[in-house]
1. In degrees from 0 to 90, rounded to the nearest 10, what is the angle of the helix 352-367 Cα long axis to the longest principal axis of the chain?
2. Could you give the nm distance between label points at residue 48 and residue 196, where each point is 7 Å from its Cα heading toward the beta carbon?
3. At residue 496 and residue 118, where each label point lies 7 Å from the Cα along Cα→Cβ, what is the point-to-point distance in nanometres?
4. Would you work out if the stretch 189-242 is rounded, prolate or oblate? Take a ≥ b ≥ c from the square roots of the eigenvalues of the alpha-carbon gyration tensor; rounded if a/c is under 1.5, else prolate when a/b is larger than b/c, oblate otherwise.
5. Step through the table entries 288/330; 142/200; 11/39; 200/305; 140/404, compare each Cα-Cα distance with 32 Å, and write down the pairs that go over it.
6. Work out the FRET efficiency for residue 149 and residue 474 from their Cβ-Cβ distance, taking R0 = 25 Å, and round it to the nearest 0.05.
7. Gain in length, residue 428 to residue 257, computed as 0.36 nm per residue apart minus the alpha-carbon separation, to one decimal in nm?
8. Relative to the first principal axis of the alpha-carbon coordinates of the chain, what is the inclination of helix 120-134, with its axis defined by its Cα atoms, in degrees from 0 to 90 and to the nearest 10?
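The values are calculated or read from the model by the stated rules, or taken from the named source; none is laboratory data. Just so you know, these numbers come straight off a predicted model, no measurement behind them. Cβ placement follows ideal geometry from the backbone for every residue including glycine, while neighbour counts extend to all protein chains displayed. SASA here: full protein model, heavy atoms, side chains in, ligands and nucleic acids out. Shrake-Rupley method; radii C 1.70, N 1.55, O 1.52, S 1.80 Å.
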Amino acid sequence: MKFHVSPTYPKNLDALVLHVAKGQRPLPPATLEADKKLKGFLRKEIAAAKFKGDLGQTLVVHNHDARALPVRKVILAGLGAESIEPEAIRKSIAAAVQQAQSCHMTRLARPVPDGRRLDPETVSRAIAEGALLGSYRFTKHKSEDKTAALSLTLVGGGAPVRRKVTAGLRQGQAAAEAQILARDLANEPPSHLTPKQFAKEARTVSRKNGLGISVLGPAEIRRAGLGALLAVARGSDEPPQFIKLTYRPRKTGRGTQKHIVLVGKSITYDSGGLNLKPSRGGMLEEMKLDMSGGAAVLGAMSALKRLGVKHKVTGYLPATENLLGGSAYKPGDVVRIYNGKTIEVGNTDAEGRLTLADALAYSTDRDKPDEIIDLATLTATDISLGPAYAAIFASQPRMEARFKEAGEHVGEKVWPLPFPEEYDEMTKSAVADFSNIVSGRAYTLSGPLLLKHFVGKVPWVHLDIGGPAIAGKDSGYTRKGGSGFGARLLLEYLSD
């Protein structure tokens, strides 16, 4: 999708996108202005269709006066309640773009943001994100892809406003394309996105976006002492890959630069191992998505340079499959983590926390970072938090508060859960330092209860994205399948 900014309407537009709010004053200024040009025609159509302006609702109106308004059609998109936020703009624009696609429209326009409620740059960023994410389709493996390319032109405003709009569109495009990369990776069939292919994709991303990269294969992983990653990989014929990406910002002298480490769970296919997952209820067929944490990290890393993030950022993707070969690790095995601590395998389907423990311990020792953030589809958080929220476990209140703020701003929300010290006994093992499952019922807490022992005193956040990373249906600007959740959340946090 291409974006343009212009003082006047381009020729041969298919539709003009205008908004309708739900409330006492339903027509925003730009819509009201267009309605005046059409002598009240839009309001008549809205009334006739009983269009309420609900968020995500659309109405297509055929323009009867092309001299007054040089477009063939108008797409009215509902904004919901009168209090307009960036998330409402994302969802409203996404609905309008999807309506245009269904009507085979390709050339769209929208008035530039008027700046009365939100800064034009903020609104433009939300417009770009909503349009790109809402128009997303994963069609790589379809024999016929009939999806036409779209363009959206933001029209009007003086030169200073148009400069802000252009900046917002660039930021939104960078963030949305990061999430689209994460979606594409998560939606790939597992036989295509193997650990080695994941490493190849990471090399491509690093080359295009000015990142450093190193990849350890099985022999180097063994020499590095990453025993858990090797253990999980044993049941697969595909060799594990330990991928490290590095972003170094330009030194600007502005603000304090930190070194922040991102770790993403990167199980490219998870059968559950010998503790085989059930084949009913959407389990085995969805387990190509168990690398969604790694996909979000790689997506975020791809946009750091474009967004001018000032912190040094290192990303780790401990990539492997979890299968049932003759050499597969077994319940009752004991694995040794990079820092020398041992974990008893209580369940081979709790493999993600094992590979994360290795990566966290490795980074803590080798990088000496200021902060560590890990993302993982570790548990089914939708059971407790529904499909929209990720669970956040933070070692410091300031990090939790910042992530909550970032999540609200980009529409990727998090909700804090505890991992209290009095539950530490649950992670103990009779034959090793720890067990990878807990003896109590603290299902979603079990991962961070274990992982906190592998970050030392480094400020740390664990994000369990097991619910929102996997979309069961199209909703707003989220499409069924891998959602790419976490990429924009990380970028917002890192851009602070």
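1. For 352-367 against the chain, the angle is about 90 degrees.
2. Here the answer is 6.3 nm between the modelled labels.
3. Result for the modelled spin labels: 2.1 nm.
4. Since a/c reaches 1.5 but b/c is at least a/b, the shape of the stretch 189-242 is classed as oblate.
5. 140/404
6. Details: r = 20 Å, r/R0 = 0.81.
The computed FRET efficiency comes out at 0.80.
7. Value of the extension gain: 57.8 nm.
8. 70 degrees
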